[in-house]
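**Q** The structure that follows is given in the form of structure tokens.
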Amino acid sequence: MRKQVRKRKSGTTEPSTVDANRAIDLVVALMKVPGPSCHEEQITKQVRRRLIAAGIPASAITTDNAHKKSPAGGSTGNLIVKLPGTIRAPRRMLMAHLDTVPLCVGCRPIQRGDSLVSGNPKTALGADNRSGVAAILNAVLEIQRKKLPHPPLTLLFTIQEELGLFGSRFVNVSKLGSPKLAWNWDGRGPERITHAAIGGRTLSIQFHGIASHAGGAADRGVSALALAGLAIQDIVSGGWHGEFLRGGKVGTCNLATIHGGDATNVVTDRVDIEGECRSFDRRLLDRIAREVERACQRAVRSTKNCRGQRGSVTFQTDIEYEPFSIPKNAASVKAAESAIRSLGMKPELLTTQGALDANWLNARGIPVATLGAGQVAGHSLSERLDIEQFLTGCKVALRLATSPELSA
Ligand SMILES: [Zn+2]
């Protein structure tokens, strides 16, 4: 049989270093397990089995009911592992999402150059985010194998991240043991610390007009299409579309899809618009949605048919992900910086325009910084895992899980 992944020289025995072969075998094994969002049961089982084989008592491993609260449903909740410490220090939490995008199902990891890629050309690799799962699972397996001292630890493996952060959104926070320091692995560069992420709202608008014959009774109609046009004009000319600055804060708004009308001889009685807005600032995020709603109401008020009747608008907005920003001097950030420095790298602080599980944990009062473990080009057929970056991510995870110097 063809050897799929080349072995490295045997691992070192220094307690705080990572056995490269074991870490690579682990991530390869995890990437092979299918686990698209809402179907995380196999990968959950696999992680649980490895923890138990390493001597973690089954009673320390639980799942919550996040899937029962998720609008997407799903077969299992978040996997939560709580370990007592062997040294006295505040509890630390390490987290990563278990699910992959559906494109990863059927992947066969093979080594190509310095990377792992999918040997199946029809699938992505699933390094997003099995690299993160492997980095934290590997840290705990190393702790167990080498009997490394460690503070109290919580591991949180979330579900349904790719679908809309539903695992982190509906996590049962009372099961996490109030960690004072927390890190999420879901990215590329192991020296990169994402400490702030943008928040997002959905915008859903329905204009209801009054249908009428477009020739014989056009004056009795109220065109939902005209209402939509007026509202869009108002939003754009008011400076609430595209990217804009308000009070020094940046926001974006994108009205993205529009549907309506059935026939050219009928005054359009319904138009649906879907869009989204984003900002790092929660108040601005809410204000954008309010401004869009007001513009829609102005359009409705300004338009009447010959009988003085108006159309109407139904407006809905939902928080998709909470924005967050943890200060640069927060304990989770400082600890990550010192772990990264101790491995000879220069830490890099970042903000992201994307959404992370960390958004919801931070919104619930747990200060989570996000780190990388070698995933490149996720959600695509050219996805790969940078082996060196992955191994460095594993080392950072092990330091953060064990190092006594990091304090809250
Ligand atoms: Zn991810």
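**Q** Can you find, within region 338-358, the residue that is nearest to the ligand (Cβ to nearest atom) among those that are in contact with a Lys or Arg (Cβ under 9 Å, 6 or more places away or on another chain) and part of a helix (DSSP H, G or I)?
**A** Residue satisfying both the conditions and the ranking: Asp357.
**Q** I would also like to ask the following. Determine, yes or no, whether Phe244 is in a strand (DSSP E or B) and outside the structural domain of Glu41 (by TED's automatic domain parsing).
**A** Details: in a strand (DSSP E or B): yes; outside the structural domain of Glu41 (by TED's automatic domain parsing): yes.
Criteria met by Phe244.
**Q** Only one of (1) under 11 Å from the mean Cα position of the chain (by Cα); (2) away from the ligand (no atom under 16 Å from the Cβ) is not met by Glu191, so which one is it?
**A** All conditions pass for Glu191, except number (1).
**Q** For the subset of region 166-186 comprising residues that are assigned to a loop (DSSP other than H, G, I, E, B) and surrounded by 24 or more Cβ atoms within 10 Å (Cβ to Cβ), which member is farthest from the ligand (Cβ to nearest atom)?
**A** Taking region 166-186 first, the residues assigned to a loop (DSSP other than H, G, I, E, B) are 170-172, 176-180, 186.
Among the residues that remain, those that are also surrounded by 24 or more Cβ atoms within 10 Å (Cβ to Cβ) are: 171, 179, 186.
Values: Val171: 16, Pro179: 21, Asp186: 4 Å.
Here the answer is Pro179.
**Q** How about region 42-159: which strands (runs of 3 or more DSSP E) wholly inside it have at least 2 residues that are among the hydroxyl-bearing types (Ser, Thr, Tyr), closer than 25 Å to Pro190 by Cα and away from the ligand (no atom under 15 Å from the Cβ)?
**A** Details: elements: 61-63, 79-83, 92-97, 109-112, 115-118, 153-158.
It comes to 115-118.
**Q** Taking into account only those residues within region 304-337 that are of a type in the set (Ser, Thr, Tyr) and at pLDDT 95 or above, which is nearest to Thr194 (Cα to Cα)?
**A** Taking region 304-337 and keeping what is of a type in the set (Ser, Thr, Tyr), we get 312, 314, 317, 321, 325, 332.
From the residues that got through so far, the ones that are at pLDDT 95 or above too are 312, 314, 317, 332.
Details: Ser312: 43, Thr314: 37, Thr317: 27, Ser332: 11 Å.
My answer is Ser332.
**Q** Oh, and also: Residues that are under 30 Å from Thr63 (Cα atoms) and either away from the ligand (no atom under 16 Å from the Cβ) or of a type in the set (Val, Ile, Thr) (or both): does region 202-219 have at least one?
**A** yes
**Q** Could you tell me whether region 314-333 includes any residue that is in the same structural domain as Pro151 (by TED's automatic domain parsing), assigned to a helix (DSSP H, G or I) and not hydroxyl-bearing (Ser, Thr, Tyr)?
**A** Scanning region 314-333 turns up at least one residue that is in the same structural domain as Pro151 (by TED's automatic domain parsing), assigned to a helix (DSSP H, G or I) and not hydroxyl-bearing (Ser, Thr, Tyr).
**Q** Only one of (1) in contact (Cβ under 8 Å) with a residue 60 or more places away in the chain; (2) crowded, with 18+ Cβ neighbours inside 10 Å; (3) not in a helix (DSSP H, G or I) is not met by Leu255, so which one is it?
**A** Condition (1) is where Leu255 drops out.
**Q** Another one. Which one of these is of a type in the set (S, T, N, Q) and within 26 Å of the chain's Cα centre (by Cα): Thr264, Thr202?
**A** Within the list Thr264, Thr202, the selection yields Thr202.
**Q** Of these, Arg270, Arg287, Arg278, Arg301, which one is over 17 Å from Leu255 (Cα atoms) and outside the structural domain of Leu165 (by TED's automatic domain parsing)? Give the derivation first.
**A** Numbers: Arg270 fails: over 17 Å from Leu255 (Cα atoms); Arg287 fails: over 17 Å from Leu255 (Cα atoms); Arg278 fails: over 17 Å from Leu255 (Cα atoms).
Criteria check complete, one pass: Arg301.
**Q** Determine whether region 192-200 contains at least one residue that is more than 25 Å from Asp286 (Cβ to Cβ) and surrounded by fewer than 24 Cβ atoms within 10 Å (Cβ to Cβ). Give the steps one after another, and end with the answer.
**A** Narrowing region 192-200 to residues more than 25 Å from Asp286 (Cβ to Cβ): 192-193.
The next check asks that each one be surrounded by fewer than 24 Cβ atoms within 10 Å (Cβ to Cβ); those that pass are 192.
Yes.
**Q** Could I ask something else about it? Quick check on region 369-388: of everything there that is acidic (Asp, Glu) and not in a loop (DSSP other than H, G, I, E, B), which residue is nearest to the ligand (Cβ to nearest atom)?
**A** Residues of region 369-388 acidic (Asp, Glu): 383, 386, 388.
Now restrict to residues that are not in a loop (DSSP other than H, G, I, E, B): 386, 388.
Working: Asp386: 15, Glu388: 20 Å.
Across region 369-388, the extreme among qualifying residues is Asp386.
**Q** Continuing with the same structure: Can we say Ser115 is surrounded by 21 or more Cβ atoms within 10 Å (Cβ to Cβ), among the hydroxyl-bearing types (Ser, Thr, Tyr) and in the same structural domain as Cys38 (by TED's automatic domain parsing)? It would help to see each step written out before you state the result.
**A** On the way: surrounded by 21 or more Cβ atoms within 10 Å (Cβ to Cβ): no; among the hydroxyl-bearing types (Ser, Thr, Tyr): yes; in the same structural domain as Cys38 (by TED's automatic domain parsing): yes.
When the stated conditions are applied, Ser115 does not pass them.
**Q** Here is a follow-up. Could you go through region 350-365 and let me know if any residue there is farther than 21 Å from Lys82 by Cα and more than 22 Å from the chain's Cα centre (by Cα).
**A** Within region 350-365, not a single residue is farther than 21 Å from Lys82 by Cα and more than 22 Å from the chain's Cα centre (by Cα).
**Q** Let me ask something else about it. Look at Ile273 and say whether it is in contact (Cβ under 8 Å) with a residue 60 or more places away in the chain, part of a helix (DSSP H, G or I) and among the aliphatic types (A, V, I, L, M). Working first, answer last.
**A** On the way: in contact (Cβ under 8 Å) with a residue 60 or more places away in the chain: yes; part of a helix (DSSP H, G or I): no; among the aliphatic types (A, V, I, L, M): yes.
The answer is no for Ile273.
The values are calculated or read from the model by the stated rules, or taken from the named source; none is laboratory data. No experiment lies behind these values; they were computed from the predicted model shown. We place every Cβ from the backbone using ideal geometry, glycine too, and count neighbours over all the protein chains shown.
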